[in-house]
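**Q** This is the structure I have questions about; it appears just below.
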Amino acid sequence: MAKNAKNKKKKIIIFSALGVLLVIVIIAVVVGSQKDDIIVVQTEKVGLRTITQVVEATGRIQPQTQVKINAEVSGEIIELPVEEGDIVKRGQLLVRIKPDSYTAQRDQGIANLNRTKAMLVQREADYRKIDSEYKRQQELFGKGLISESDVESIRSTFEIAKANVDAARFDVQNAQASLSRANEDLNKTAIYSPIDGVVTQRISKLGERVSGSSFTQGTEIMTVSDLSIMESRVEVNENDVVLINIGDTARIDVDAYPDRLFNATVYQIANTATTRGMGTQEEVTNFEVRLIIATEDEEFRPGMSCSAKIETETRSNVIAVPLQSVTTREKERKEGDAVEEEREDFGEVQIEGITDREEKEKDKPQEVVFIVRDGRARKLEVQTGISSDTYIEIETGVEEGMEIVKGSYRAISRELDDSTRVRIDNKISRRKMFSN
């Protein structure tokens, strides 16, 4: 009996200890779950900076003046005295097309003109003769020596003679026009350089037949370019082209000269867009922007690849934070927010005096940054201005001297919220920098 009581007492002690241990475990779990996670972040002090807004684009180097030489008459090339890369002067012979048929047309035109001129002389002589006879018949009719029918007959002959003279004159004009056209075609068999430059492309060969006319673009024979003034032609996205103005400065990076940057100036912005991949998910709309490159040292070749950084605006002594510090968050809905009413005003749904357009503006994600204060992250709504490659202007919401969170990207974009506990470790960014 005493033994059973002793065993019972022992069991009570064991179960009591297990119960106490279970309570301790539960309390530890609850306390641990309520403890905030500490997120490691990197920061820097907010200061004043000079921000230069830059639009980046890629394109190619091209001469500002480039002339394509096309055939204006058809025939065989019998002279081609220049090669690709040759320097040419204005007025220098570039191409000669076989002129035989055009020479024959010119000679035929000369003969036709001479014939019509001779015919005009004959018609004018006939007219003078008939004019004299017509005047004599009028005098006789006035004296009553001939009848009216006789006068009418000579008048008809006189008018025919006058019309023949007019027709002969028109024939002479037509013959002169035909001769001028034949001479022009003959002159087009010899093509001369319109500018001082370099033959940057030669397509046709000696002995090749080319076609051309006054109404259509003829065979392209070669290209002559003035390489003394080069430009960069870049494609700028439709969202960025509105930021660019004539006269903006730029830095040009040419792939062929990797260790140099060339100064350039915007002088032309296209009004018409070029669209690629129309109707597909890859559709892109760009505008061509042309920049004059200021250099006399390097020799550029047409078609070289390049990239441009166009400086569109600069602001000095503005509050700026690292670009990655700015993120977006959905606006929080508070109790008592406006409830949509079932009525329309001027085509817009009203929400207690707020239009649907204004409500959409309210629902847009807000731009925010995080600062560190008393070991916790504080979320601040900001309004941003222009940005450079690394920093962005803050117009409102942040003051100079605040400790802004600049990393990590995961922390800024996902993990941080207002009052999140943080630990600053700026050595992380330094270690990454030195390891690289």
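Values quoted throughout were computed directly from the atomic coordinates according to the rules given, and no laboratory measurement underlies them. Note that the structure is a prediction, hence the values are computed from the model and not measured. Every residue, glycine among them, receives a Cβ derived from its backbone with ideal geometry; neighbour counts consider all protein chains shown.
**Q** Starting from the coordinates of the alpha-carbon atoms of region 187-308, obtain the Kirkwood hydrodynamic radius over all distinct pairs and give the value in Å to one decimal. Can you show the working numbers first?
**A** Numbers: mean 1/r = 0.0570 Å⁻¹.
Result for region 187-308, one decimal place: 17.6 Å.
**Q** Another question about this same structure. In what sequence, highest mean first, do 223-233, 161-171, 64-74 appear when ranked by Cβ atoms within 10 angstrom? Could you put the intermediate results ahead of the total?
**A** Details: 223-233: 19.9, 161-171: 15.7, 64-74: 18.4.
Going from most to least packed, we get 223-233, 64-74, 161-171.
**Q** Can you check what the net charge comes to around D253, using other residues whose Cβ is under 9 Å from the Cβ of D253 (Lys, Arg +1; Asp, Glu -1)?
**A** Values: positive: R251, R260, K309; negative: D255.
Value of the local net charge: +2.
**Q** Where does each of M402, M304 land when they are ranked from fewest to most other beta-carbon atoms within 10 angstrom?
**A** Details: M402 21, M304 16.
Fewest-to-most Cβ neighbours within 10 Å comes out as M304, M402.
**Q** Quick check on the exposure proxy: order F370, F215, F141 from fewest to most C-beta atoms within 10 angstrom.
**A** Details: F370 26, F215 5, F141 16.
The order, fewest Cβ neighbours first, is F215, F141, F370.
**Q** Still on this model: Taking H as built 1.01 Å from N, whose amide H comes closer than 5 Å to the amide H of M304, not counting residues under 5 places away?
**A** I61
**Q** Let me ask something else about it. Please go through the residue pairs K309/K364; K309/K427; K309/K331; K331/K427; K406/K427 and name each one whose alpha carbons sit more than 24 Å apart in this structure.
**A** Values: K309/K364 31 Å; K309/K427 32 Å; K309/K331 35 Å; K331/K427 33 Å; K406/K427 13 Å.
Beyond 24 Å between Cα atoms: K309/K364; K309/K427; K309/K331; K331/K427.
**Q** Moving on. In whole Hz, what ³J(HN,Hα) sequence does region 49-58 give by Karplus (6.51, -1.76, 1.60; θ = phi - 60°), x for Gly and Pro?
**A** Whole-Hz 3J(HN,Hα) from phi for region 49-58: 9, 9, 10, 10, 6, 10, 10, 9, 7, 10.
**Q** R414 to I292: FRET efficiency via 1/(1 + (r/R0)^6), r the Cβ-Cβ distance, R0 41 Å, to the nearest 0.05? Before the final figure, lay out each step's value.
**A** Numbers: r = 46 Å, r/R0 = 1.12.
Efficiency for this residue pair is about 0.35.
**Q** I would also like to ask the following. Let me know the number of lysine pairs in region 99-187 closer than 21 Å at the Cα, not counting same-chain pairs under 8 apart.
**A** Working: K117/K129; K117/K162; K129/K162; K135/K143; K135/K162.
For region 99-187, qualifying lysine pairs total 5.
**Q** Mind putting a number on the dipole of region 99-187 about its Cα centre? Charges go on the C-beta only, +1 for Lys and Arg and -1 for Asp and Glu, and I need it in Debye to the nearest 20.
**A** Working: 13 positive and 15 negative charges, 46 e Å.
Dipole about the Cα centre, nearest 20: 220 debye.
**Q** Among residues other than I394 whose Cβ falls under 12 Å from its Cβ, what is the net charge (Lys/Arg +1, Asp/Glu -1)?
**A** Details: positive: R49, R315; negative: E367, E381, E393, E395, E399, E400.
Charge balance in the 12 Å sphere: -4.
**Q** So if each residue of separation counts as 0.36 nm, and I subtract the Cα-Cα distance between R376 and E56, what length gain in nm does that give? Walk me through the intermediate numbers first.
**A** Working: separation 320, 0.36 × 320 = 115.20 nm, distance 3.75 nm.
The span from R376 to E56 would gain 111.5 nm if fully extended.
**Q** 7 Å from Cα along Cα→Cβ at both K143 and R181: what's the point-to-point distance in nm?
**A** 5.4
**Q** Now a separate question. Round to the nearest 0.05 the FRET efficiency obtained for M278 and Q92 when R0 = 45 Å and r is the Cβ-Cβ distance. Write down the numbers at each step before the final one.
**A** On the way: r = 44 Å, r/R0 = 0.97.
Efficiency at R0 = 45 Å is approximately 0.55.
**Q** For region 99-187, take the alpha-carbon Rg, divide it by the Kirkwood Rh, and send me Rg/Rh. Don't skip to the end; give the middle numbers.
**A** Values: Rg = 19.7 Å, Rh = 15.2 Å.
When Rh is taken as the Kirkwood radius, the ratio is 1.30.
**Q** Here's something else I'd like to know. Within 12 Å, Cβ to Cβ, of S156, how many net charges do the neighbouring residues add up to if Lys/Arg are +1 and Asp/Glu are -1?
**A** Values: positive: R155, K162; negative: D150, E152, E159.
So the environment of S156 carries a net charge of -1.
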